[in-house]
Amino acid sequence: MKSLRRIGRVVATYGRHYDVQEHRVEALLPEDWALFQCVRRGKRHDVACGDEVEFVSDSTGQGVIETVLPRRNLLYRADGQREKMLASNLDLVLVVLAPEPTPSEALLSHALVAAQSAGIEAWIILNKKDLAQMEGLSQALDYYRLLGYSVLEMSALENCDALRALVSQRVSLLVGQSGMGKSTLVNGLAPQARAQTNTISEALDSGRHTTTFTRYYPLDPAQPGSGGGLIDSPGLQAFGLSYLRPEQIVQAFPEFERLLGQCRFANCRHLTEPDCAFRAWARGNTQRLARLGYLVQLQAASTVKRHL
Ligand SMILES: Nc1nc2c(ncn2[C@@H]2O[C@H](COP(=O)(O)OP(=O)(O)O)[C@@H](O)[C@H]2O)c(=O)[nH]1
Ligand SMILES: [Mg+2]
Ligand SMILES: [Zn+2]
C-alpha cells in the first residue's frame, strides 16, 4: 500500500506513542478529521503534545513522524539532564491550585517561571472555592496578585463559566499537582472531553497517578483544528528548570528582578554574602523568604554556566 506524506498536529502523547490529527483542507465534518497512531522515526524523544508534524502513513491509521515542524514555543521541565516536554504552540498556561490536596507554592513559583521564560501568558486558577479552607489560600495568593499575576477563583465541579471567555479560541495547557481539578475543569469546558478524573491510585497509596498521557481536547468539537482547546497533563510534583540560566531565572521573579545590581557582589548568590539586597528585602517576611528560597533553589540547580 502506498504511504502518503501528511501534516498534522500531535493531540496526545503516551510514552513513545502519539496520536496525530491530520490537517485536511476539505474537512467539513468532525468525522473527516482523521486520527493516526504514530511513533517517531528513529525513536527520538522530541515530540510534544501540540506539535505540528510531518508524518507518513498508508491508510491503516498507523504512521511514523518524520519531522517536527518549528514551534512557536515549548513548555518543558528538566531535572539535571532529564528533560520532559509538556506541550508546545501554546497561547496560555493555567496553573491549577486548590486548597486540597496541600498545594505546593514551590511548584506554583516554578511553573510561573517556566511559562514566563517560554514567553507564554500564565494565569493562576484557584479551584475548589466551595471548600472552607479556600479563604486562607486565596489570601496567601495576594502576594502573587500584587506581583501582577492574574488569579481566577472557581469551582470546577459547580461551574466553569468564569474560565470560558479566557480560554476561548486559544490553546491552553493545564498544569499542576495531581488532584487539583485539572481534568474536572477540562470536562466542564470541552464538551466531549470525558477526561478521566481522580486518577490517584489508592491501591498503590503512593500518590502515583495513573494518567501518564497528555491530551488535547478541542473546545469546539465541530472545528477540532481551530476554535481553541485545552491540554490536560498528568500531575506534576516538581518543575525543574535546570536548562535556564541563573539570569533568566531571576528575570522571571518580578520582585527580585527589580533588586538586580543592588547586592554588594555582582555574582551574589543571595545565600550568606554580606550586603545582599535580596536577603535584606526578604528579612522577617515569610512569603518573601519562601520566594527567595525558590529562586535560590532554581539557580543552584541550573546546569548552564553563569555569565557573571
Ligand atoms: N470540592 C471540589 N472538588 C473538586 C473540584 N474540582 C475537582 N474536584 C475534585 O477533585 C478531585 C480531583 O480532580 P481531578 O480533576 O481528577 O484532578 P487532576 O488530578 O488535577 O486532574 C476529584 O475528586 C474531583 O471531583 C471543585 O471545584 N470542588
Ligand atoms: Mg487529571
Ligand atoms: Zn544577593
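The values are calculated or read from the model by the stated rules, or taken from the named source; none is laboratory data. Here the structure is a predicted model, which is why all the values come from computation and not from measurement. Methodologically, a virtual Cβ is constructed for each residue, glycine included, from the backbone with ideal geometry; neighbour enumeration extends over all protein chains shown. What goes into the accessible areas is simple: the full protein's heavy atoms, side chains included, and nothing from ligands, DNA or RNA. Shrake-Rupley method; radii C 1.70, N 1.55, O 1.52, S 1.80 Å.
Would segment 246-301 count as rounded, prolate or oblate if I go by the C-alpha gyration tensor, calling it rounded below 1.5 in a/c and otherwise prolate when a/b exceeds b/c, oblate otherwise?
Numbers: a/c = 1.31, a/b = 1.01, b/c = 1.30.
Because its axes are fairly even, with a/c under 1.5, segment 246-301 counts as rounded.
Have a look at Pro274, Ala300, Leu260 and report the one farthest towards the positive end of the charge dipole of segment 246-301, computed about the Cα centre with Cβ charges (Lys/Arg +1, Asp/Glu -1).
Pro274
What distance in nm separates the two pseudo spin-label positions at Val39 and Ala290, each 7 Å out from Cα along the beta-carbon direction?
The answer from the label model is 4.6 nm.
Can you give the calculated 222 nm mean residue ellipticity of the chain, where each DSSP H run of n ≥ 4 adds -39,500 (n - 2.57) and the sum is split over every residue, rounded to the nearest 500 deg cm²/dmol?
Working: 9 runs with 73 residues, N = 308.
Value at 222 nm, helices only: -6500 deg cm²/dmol.
Can you give me the % of accessible surface on the chain that is carbon or sulfur? Probe 1.4 Å, all protein chains present, nothing else counted.
On the way: 7620 of 15280 Å².
Here carbon and sulfur together make up 50 percent of the probe-accessible area.
Extension gain Leu271-Gln297, at 0.36 nm per residue separation less the Cα-Cα distance, in nm? Could the numbers behind the result be given before it?
Details: separation 26, 0.36 × 26 = 9.36 nm, distance 1.06 nm.
Length difference between fully extended and current span is 8.3 nm.
Label points 7 Å out from Cα along the Cβ direction at Glu153 and Val56: separation in nm?
Reported label-point gap for Glu153 and Val56 is 5.7 nm.
Residues of segment 268-308 with amide nitrogen under 13 Å from the 7 Å Cα-to-Cβ point of Asp142?
Within reach of a label on Asp142: 287.
How large is the accessible surface per residue of the chain, computed with a 1.4 Å probe and reported in Å² as a whole number? Present the calculation step by step, with values, prior to reporting the outcome.
Working: 15280 Å² over 308 residues.
Value returned for the chain: 50 Å² of accessible area per residue.
Ranked highest first by the average count of other Cβ atoms within 10 Å around their residues, in what order do 215-223, 104-112 fall? Could the numbers behind the result be given before it?
Values: 215-223: 18.9, 104-112: 20.9.
Descending mean neighbour count gives 104-112, 215-223.
Between Ala280 and Ala165, what FRET efficiency comes out of the Förster formula 1/(1 + (r/R0)^6) with R0 = 35 Å and r the beta carbon distance, rounded to 0.05?
Working: r = 42 Å, r/R0 = 1.20.
Computed FRET efficiency for Ala165 and Ala280 comes out at 0.25.
How big is the shadow of the Cα convex hull of the chain, averaged over all directions, in nm²? The partial results should precede the final answer.
Values: hull surface 72.3 nm².
Average of the hull's projected areas for the chain equals 18.1 nm².
With a sphere of radius 14 Å drawn around the Cβ of Arg71, what net charge do the other residues whose Cβ falls strictly inside it have (Lys, Arg +1; Asp, Glu -1)?
Values: positive: Arg9, Arg72; negative: Asp46, Asp51, Glu52, Glu54, Asp91.
Charge balance in the 14 Å sphere: -3.
Once whole DSSP H runs in the chain are found, which of them have Cα atoms spread over 15 Å or more along the helix axis and a mean Kyte-Doolittle score of at least -0.5?
105-117, 286-301
Between Glu83 and Gln223, what is the label-point separation in nm under the 7 Å Cα-to-beta-carbon projection?
Between Gln223 and Glu83, the simple spin-label model gives 3.4 nm.
Counting Lys and Arg as +1 and Asp and Glu as -1, what is the net charge of the other residues whose Cβ lies under 14 Å from the Cβ of Thr214? Mind showing how you got there, number by number?
On the way: positive: Arg9, Arg16, Arg77, Lys84, Lys182, Arg215; negative: Asp19, Asp51, Asp232.
Summing Lys and Arg as +1 and Asp and Glu as -1 gives +3.
Seen from all sides and averaged, what is the projected area of the convex hull of the Cα atoms in segment 4-68, in nm²?
Numbers: hull surface 16.4 nm².
For segment 4-68, the mean projected area of the Cα convex hull comes to 4.1 nm².
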